[in-house]
Amino acid sequence: MTKEGFVVGVFAVWVLLVAGEWMRIRLALTLRKPINLLRDSVLLSLTDLAGALLVGALGWVVVWIILAYEGRRFSPCPKRTTLGVTVVAAGLLFMSRLIVPDILIQHVVHAVIVLSIAVFSYYAGCRAWLGKW
């Protein structure tokens, strides 16, 4: 993946976040000026994008550490891995704004449990802990 492709991907994620925030807060259109709502949606989406990029970078680091631990050459493209994790993190951050905080905790716990089962299953299959899969 080229640098330009990565930048275009991040820009597309940002545009989608701006559109999503605009849709979410446009209910206040009758109460506030449209330019203020647009500014708020741009700033909120930039905050979400910054958090998603941070999570994307951490995801790339985790993949790099796991593959280094296993002694294999790092074959995935770092930009593609970061962009993929950034897209997922941006979607999750946006969805977390739509969910009531009490229910959000239940969703987070559920996601952590499913993710831990998936990671265990992956390593169990790779290491043949439970026989050949």
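Side notes on the structure shown:
- Out of Leu49, Leu93, one residue alone is crowded, with 16+ Cβ neighbours inside 10 Å, assigned to a helix (DSSP H, G or I) and at pLDDT below 80. It is Leu93.
- Close pairs (6 angstrom Cβ cut-off, 6 or more residues apart or separate chains): hydrophobic (A, V, I, L, M, F, W, C) in region 98-125, open to solvent by 80 Å² or more (accessible area, probe 1.4 Å) anywhere: Ala124/Leu130
- Selection from region 2-41 of residues that are open to solvent by less than 40 Å² (accessible area, probe 1.4 Å) and not hydroxyl-bearing (Ser, Thr, Tyr): Gly5, Gly9, Val10, Val13, Leu17, Val18, Gly20, Glu21, Ile25, Ala28, Leu37, Asp40
The values are calculated or read from the model by the stated rules, or taken from the named source; none is laboratory data. Computed from a predicted structure; not experimentally measured. Quick reminder, even Gly has a Cβ in these numbers, built from the backbone with ideal geometry, and neighbours come from all protein chains shown. Please note that ligands, DNA and RNA were not included when accessible areas were found on the heavy atoms of the full protein model with its side chains. Shrake-Rupley method; radii C 1.70, N 1.55, O 1.52, S 1.80 Å.
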